[in-house]
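S.K.: Quick one: structure below, then a few questions.
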Amino acid sequence: MAIIAPLITTEYMFKWTTIDNNIDVSLINPNIIIAGDVHIQDILGEQLYFKIMADVIAGSIGGNYQYLLNTYIQPALAQYTHYEIMFDLRTRDTNKGILEKTTDSKVSTPSKDSEFYAKVNHIKSRADRYNQRVREYIINNPNMFPEYFTQIGIERITPRRTTYFSGVAYQSKTIMGDRKCCGGPTGFQINP
């Protein structure tokens, strides 16, 4: 495995996300790496991801790759890092098990599960929108990023070409029978 470089800093996280600047950076830094390795590599594919990573480590990133990194990848990475860190902010893995954090102050209280998951889903949705921007920029500029369209070797991580998963799509068919769907006629359409 290649050396992984963080593509954003904790300062970038504080500036471009809604996380509080009093959060321990020891929670943020591993999540930057995780979000990059999991989500950004999934967007870019292994070839382009490691090309950018190698250029960042060597200090030689520039041109189209620098623009892609600054304008598209870093905002997406910040949102995916925010998404990844949410559970670490709520719980702590200790030698006594997984413990939920509580506050010593009477002013603030932990959020309810429904509020917490609504926030997590909102952050994930925002990250997915940035994800789509990265993909569209690369696909609209294929000559600038040949690594995105190249796969070398077997068992490589290829770019996932879609952002959202909306379930399983079926070919439209009419089903005939004596069952009725939602008060409709005997034959009804199944549409994706």
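The values are calculated or read from the model by the stated rules, or taken from the named source; none is laboratory data. Not measured: the values here are computed from a predicted model. Side chains are part of the model used for accessible areas, which takes the heavy atoms of the whole protein and leaves out ligands, DNA and RNA. Shrake-Rupley method; radii C 1.70, N 1.55, O 1.52, S 1.80 Å.
S.K.: If you build the convex hull over the alpha carbons only and average its shadow over all orientations, what do you get for segment 1-46? Give it in nm² to one decimal. Spell out each step's value before the answer.
M.R.: Details: hull surface 14.3 nm².
Dividing the Cα hull surface by four gives the mean projection, 3.6 nm².
S.K.: Something else now. Got a number for the accessible area of PHE149? Probe 1.4 Å, square angstrom, nearest 10.
M.R.: Taking all protein chains as shown, PHE149 has close to 100 Å².
S.K.: Using a 1.4 Å probe on the protein heavy atoms, what percent of the accessible area of segment 1-74 belongs to carbon and sulfur?
M.R.: 56
S.K.: Okay, moving on. In what sequence, largest accessible area first, do ILE57, ILE52 appear using a 1.4 Å probe?
M.R.: ILE57, ILE52
S.K.: Oh, and also: Just read off the accessible area of GLU147 with the full protein assembly in place, 1.4 Å probe, to the nearest 10 Å².
M.R.: Solvent-accessible area, nearest 10 Å²: 40 Å².
S.K.: Between the alpha-carbon centers of segment 45-67 and segment 1-42, tell me the distance in whole angstrom.
M.R.: Cα centroid to Cα centroid, the span is 17 Å.
S.K.: So what does VAL56 come to for accessible area, using a 1.4 Å probe and Å² rounded to 10?
M.R.: 40
S.K.: Determine Rg/Rh for segment 1-95; Rg is computed over alpha-carbon atoms and Rh is the Kirkwood hydrodynamic estimate from the same atoms. Walk me through the numbers on the way to the answer.
M.R.: Details: Rg = 13.6 Å, Rh = 13.8 Å.
Radius of gyration over Kirkwood radius for segment 1-95 works out to 0.98.
S.K.: Please list HIS82, HIS122, HIS39 from largest to smallest accessible area, probe radius 1.4 Å, with all protein chains kept in place.
M.R.: Details: HIS82 5, HIS122 85, HIS39 35 Å².
Result, largest first: HIS122, HIS39, HIS82.
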